[in-house]
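Note sheet for the following structure.
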Amino acid sequence: MSVFDEPVEEPDQIRDQLRQLFRYRAFIVLGLVLGMLGGAAVSLLGGSTYTATGEVVVHAISTAPFQAGGVSVDKQISMGTERQIAQSASVAAGAAKALGERTAPAVLQRDLRVSNPPETQTLMFEYSADSPERAAALVNAFVHAYLDYRENAASHRIDTTVSKLSAELKPLLDQRKVLDERIAGANAGSGKTSDQSERGNLVTEIADLQGRISSLKSLDTTPGDIVRKGDPPAFPSSPGLAMLLLTGAVAGLALGILAAWVRSVLEPRVRSVADVQDNLRAPVLGILPRRRGGERLLEVGRSGHGNRAEAYRTIAFRLVHDRRFAGRGSLLIVAPRENADAVSVAVNLAGAFAEIGNDILLVEANLRTPELAQRLPLHPGHGRPVPGSWAEGERLAVDAGVDGRFDLLPGREVPNPARALTSPQFARLLNAPSGPDEHVVVVTGPLLTHADGLAVAKQAAGVVVVCDLNEVRRDDLDRVWELITGAGGHILGAVLDKGSRGRSLRGLTDSGPTARKRGRGRRARGSVVVPPARSGPPPPSGAGPAAGAPVGTDAPSLRG
């Protein structure tokens, strides 16, 4: 694949990731429902919240508040400091005292917000309470408590300074009185002149102190003006039920998507057809639709023209035209574990092969719990049993309805299954087909449960792995590939089965893997469909799917 194909595949990758998330749609729905329930609970249990607002214009202490430049630099206010004072515990204690409450200041401070709009000397008090009257009462109490605190603080500072200056002035007044008495009783001379000079200096100091005291007493200690009184709000400030439900839904949806993503990352099962191909290193030959209740084991030829029967026919068509298998005869059908129905795939592939005119021998290589002889419609066979040899035992004829018949070598319990499957008689059975239209289809028990499948895999021309699309695990496919290739076998591909229509509890939380393949480059890695090179009925128009493309319910029929 060239680098120019990568941007084309990005939308496919995004769609694949979204499909993987929506596999666990129950997590998303559950998160959405829980979020909405949480929003409703907050609305019902939390109650409504009302917010009252009061505004104060802060004034600086000045002797000429209405004149420009009447405030000296050292007396200019800092709005940041004023905001901190308004939120202080001292102001909260004053508000509690004004209301006659014994509530701790820290409790009252919890619902108070004080802000200062930029480029202004305005403080905005906001208080939230469970009733409009209490919100208005508390915001007004804080406004008045702040103004009282600031005015009392300014008056206290002025009184303290005036007291200090008065204490400095009293000795000077006493000293001036003494000098006045001395000057009045003294004769003219140098002594009287000195006293008069000292008295002049003393009068200057007294005048300065008296001027400072007079200036302090004339200061305007008004801390500010209330420009907006806190009135009871008409509507609650808390979000309504609709807003809480919307917020809860958004939060719950986000949590649900996160939970689905975590579940998708930790999922040990395959999440797409591409995962099957990546772990099995082989193409997906087909995807079988869900099985309807009451369907027979043999669906091809006897159960009408259902979607599963058409899928079996298309898979058989692909196999007979696969260069890795065509003309080599023996085919092993095996499942990784018990949850995949390899027996059904083997029986119906045998029926599909028989439908296109091939001579088929179906071998049940399950020598532990054989069951096919009881599940298939049988007729007396034409072979002669050989005592003691299962591989050369009696062959039965299976009635495939309108598709004709195919032979069945049923399994039977033997003391040593491994020895029977590696015997020369069984090897000759697998190599018995002499023509391109003769095939042996072998089905064994689960590969990861017993080693019987490995004994057949190294002798068969190809192996088809049957997987339950909702249960197969990635590590199981890795082990199957390692075991079969290690034994010298060749995996032709995988058949994915969606199972029955019954939905379990897991099915409610998992919609199954996605069926999209990743990239066009992988389509070259798989079986190649070529035109038929043998006599027999020609394939129907359009019956050759691209190699590596999964076969679904739209598979072409091989009938006729």
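Each reported figure results from applying straightforward, stated rules to the coordinates on display, with no laboratory input. Being a predicted model, the structure only gives us computed values, none of them experimental. Cβ atoms come from the backbone with ideal geometry, glycine included; neighbour counts cover every protein chain shown.
Worth a mention:
- Charge tally in the Cβ shell below 13 Å around A346, where Lys, Arg are +1 and Asp, Glu are -1, A346 excluded: -4
- 5 angstrom amide H check on F406, placed H, neighbours 5+ away: V398, A400
- Whole-angstrom gap from segment 217-279 to segment 144-175, using each part's C-alpha centre: 53
- Applying the Karplus relation 6.51 cos²θ - 1.76 cosθ + 1.60 with θ = phi - 60° to segment 331-339 yields 3J(HN,Hα) values of 9, 9, 10, 8, 10, x, 9, 5, 6 Hz, where x marks Gly and Pro.
- 3J(HN,Hα) along segment 86-91, derived from phi through the Karplus expression 6.51 cos²θ - 1.76 cosθ + 1.60 where θ = phi - 60°, amounts to 4, 9, 6, 5, 5, 5 Hz, with x in place of Gly and Pro.
- Spacing of the two label points (7 Å from each Cα toward its C-beta) at I14 and T221, in nm: 7.0
- Each of I315, I14, I213 was scored by other Cβ atoms within 10 Å of its Cβ. Arranged with the fewest first, they read I14, I213, I315.
- In this label model, D278 and R134 are separated by 5.9 nm, measuring between points 7 Å along each Cα→Cβ vector.
- Debye log10 I(q)/I(0) at q = 0.09 Å⁻¹ for segment 50-228, Cα point scatterers: -0.50
- Reciprocal of mean inverse Cα separation for segment 327-381 (Kirkwood radius, Å): 12.6
- The convex hull drawn around the Cα atoms of segment 243-292, when projected onto a plane and averaged over every direction, covers 6.0 nm².
- Here, segment 390-495 is characterised by an Rg to Rh ratio of 0.98, where Rg is the alpha-carbon radius of gyration and Rh the Kirkwood radius.
- Under 20 Å from the T49 label point (7 Å along Cα→beta-carbon), backbone N, segment 103-120: 104-116
- Principal axis box of segment 136-238, alpha-carbon based, largest edge first, Å: 89, 18, 16
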